[in-house]
1. Just the residues that are away from ligand 1 (no atom under 16 Å from the Cβ) and basic (K, R), please, taken from the stretch 74-108.
2. Consider A305 carefully, then state whether it is within 14 Å of ligand 2 (Cβ to nearest atom), in a helix (DSSP H, G or I) and small (G, A, S).
3. From the residues in the stretch 27-50 that are touching a residue at least 40 places away in the same chain (Cβ under 8 Å) and of a type in the set (S, T, Y), which one is surrounded by the fewest Cβ atoms within 10 Å (Cβ to Cβ)?
4. Pull up the stretch 84-113, narrow it to residues that are of a type in the set (S, T, N, Q) and either within 16 Å of ligand 2 (Cβ to nearest atom) or not in a helix (DSSP H, G or I) (or both), then point me to the one that is nearest to L185 (Cα to Cα).
5. Need pairs with beta-carbon distance below 8 Å; first residue part of a helix (DSSP H, G or I) and within the stretch 52-81, second of a type in the set (D, E); sequence gap 6+ or separate chains.
6. Mind listing just one residue for me: the one in the stretch 291-302 that is in a loop (DSSP other than H, G, I, E, B) and within 13 Å of ligand 1 (Cβ to nearest atom) and, of those, nearest to the chain's Cα centre (by Cα)?
7. Go through the residues of the stretch 331-354 one by one and say whether even a single one is within 16 Å of ligand 2 (Cβ to nearest atom), part of a helix (DSSP H, G or I) and surrounded by fewer than 20 Cβ atoms within 10 Å (Cβ to Cβ).
8. Return yes or no: is R274 within 15 Å of ligand 2 (Cβ to nearest atom) and not hydrophobic (A, V, I, L, M, F, W, C)?
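Throughout, read-outs are computed from the coordinates displayed, never taken from laboratory work. Note that the structure is a prediction, hence the values are computed from the model and not measured. Every residue, glycine as well, gets a Cβ built from its backbone with ideal geometry; the counts of neighbours run over all protein chains shown.
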Amino acid sequence: MGVDLKSSYSSSAHGSEIEFQIPMSFFYRLAFTEGVFETSNPLLADYLSDQGNRENPTQVLLFLDQGLHECQPQLYSQIQNYFKFQQKLISLESPPILIRGGEAAKNEKEIFDTILQAIHDAKICRHSYVVVVGGGGVVDAVCFAASLVHRGVRQIRIPSTVLAQGDAGIGIKNGINYFNKKNFLGTFYPPDAVINDSRLLLSLDQQSWISGIAEAIKVGLIRDGELFFWILENATSLRNRDLATMQKLVRRSAELHLRQISQGGDPFEKGSVRPLDFGHWVAHKLEALSNYLIPHGHAVAIGIAVDSIYSWRKGFLPPEQLTLILKCLEEIGFNFREPLLLETNPDNGRRAILEGIDEFREHLGGELTLSLLTEIGRSFEVHEIDEVGMISAIAELMEKS
Ligand SMILES: NC(=O)c1ccc[n+]([C@@H]2O[C@H](COP(=O)([O-])OP(=O)(O)OC[C@H]3O[C@@H](n4cnc5c(N)ncnc54)[C@H](O)[C@@H]3O)[C@@H](O)[C@H]2O)c1
Ligand SMILES: [Zn+2]
């Protein structure tokens, strides 16, 4: 991070003012590798010891997603061996700390306390590192905690799901859920590096395997029609777990995601425009309505379908393109028949899913801004939603499935 301080002075009848400008730029690396904890792979040790000439090895605390640990139990000792092998450069301050994976990591206060306690016990300072290996849930929770301790300690992320490698784990946001609201607490805090190891993906169940493809379809729809058509063409290979095809998807999706953050002009989301959140007002509300039983990517797939049908109903999106979008989502294996879309809030008689629009606006602040599609690869912003039209779009989706 480079900080350059400039100031200017002015005065008026009401007082005087000093104006400061603090330009900041963040630099971090996103690496793609296989076998990050193989002793023959120096990448992680290099990143962790990259801060000049240290007299002592860099202190590291490592959090490991328990779901990943259960599917790849050999990782635990492999990680310890790796640190032993690289002990001149890096020191693991405790055995890997297992954190319950999935949305539990973001929902349960005890888990958050466990993370903070471990960082405290290991005396992690701002020259030490927190490393997190896991899905978006564990990465979000650990990175949030690490961003708070000492106002932010260094962190390296090793995401272990398709969704986390192409989207959740590579950006600059983190967070946990609170008051039953998605990401109610969180910070913008760039990692020092992200390492995507495709071998970690091999143990994902089918649900998590396809979950991340929804985010790639989303980014294709709003930014890169070529990516969307590539996914459509390769839907069978992707669904059938061809690793080389998945590696390409993750890489492209990650690139587009980081391009939006680094070149989109609003990395800290001060404005109201959030194109990467296409389909997410439905997704976040559905996740909460299901008590987080519906995985994020599956909720995103439904959100994409709803907002695409709405885009077509309003005359923005050509019908043949809508057909391709729904076909692509279905071929990957997503299911749209979700009864929670039809649930009514007993307190006010309103369709519960529509409250997602209010919550989305509340989360962003300012004017409601949602993305819709004019064609595959191109989105635009709207500031109001016709609720009757939206209910019809949902009805249509339910009929189609
Ligand atoms: N910070 C951001 O910018 C951002 C962006 C998008 C999504 N997210 C968040 O990411 C979360 C979803 O993350 P996710 O889709 O990665 O899933 P997840 O973290 O919820 O994990 C799903 C399940 O897979 C298990 N798991 C993880 N890696 C595994 C592996 N390699 N093999 C076997 N099992 C494994 C986990 O233990 C868990 O049970 C949501 O909370 C979402 O809000 C954050
Ligand atoms: Zn998402």
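1. So the first thing to find is which residues in the stretch 74-108 are away from ligand 1 (no atom under 16 Å from the Cβ), and the list is 77, 80-95.
Residues satisfying the conditions are K84, K88.
2. Details: within 14 Å of ligand 2 (Cβ to nearest atom): no; in a helix (DSSP H, G or I): yes; small (G, A, S): yes.
Taking the combined requirement at face value, the residue does not satisfy it.
3. T39
4. So in the stretch 84-113, the residues of a type in the set (S, T, N, Q) come out as 86-87, 91, 94, 107.
Filter again for either within 16 Å of ligand 2 (Cβ to nearest atom) or not in a helix (DSSP H, G or I) (or both), leaving 86-87, 91, 94.
On the way: Q86: 36, Q87: 36, S91: 31, S94: 28 Å.
Once the filter is applied, the top-ranked residue is S94.
5. Q78/E38
6. Residues of the stretch 291-302 that are in a loop (DSSP other than H, G, I, E, B), as a first pass: 291-295.
From the residues that got through so far, the ones that are within 13 Å of ligand 1 (Cβ to nearest atom) too are 292-295.
Values: Y292: 16, L293: 17, I294: 16, P295: 13 Å.
Taking the candidates together, the pick is P295.
7. From the stretch 331-354, those within 16 Å of ligand 2 (Cβ to nearest atom) are 332, 334; that's our starting set.
With the extra rule that they be part of a helix (DSSP H, G or I), the set shrinks to 332.
Imposing the further condition that a residue be surrounded by fewer than 20 Cβ atoms within 10 Å (Cβ to Cβ) reduces the set to none.
No: zero hits.
8. On the way: within 15 Å of ligand 2 (Cβ to nearest atom): yes; not hydrophobic (A, V, I, L, M, F, W, C): yes.
Here the answer is yes, as R274 does meet what is asked.
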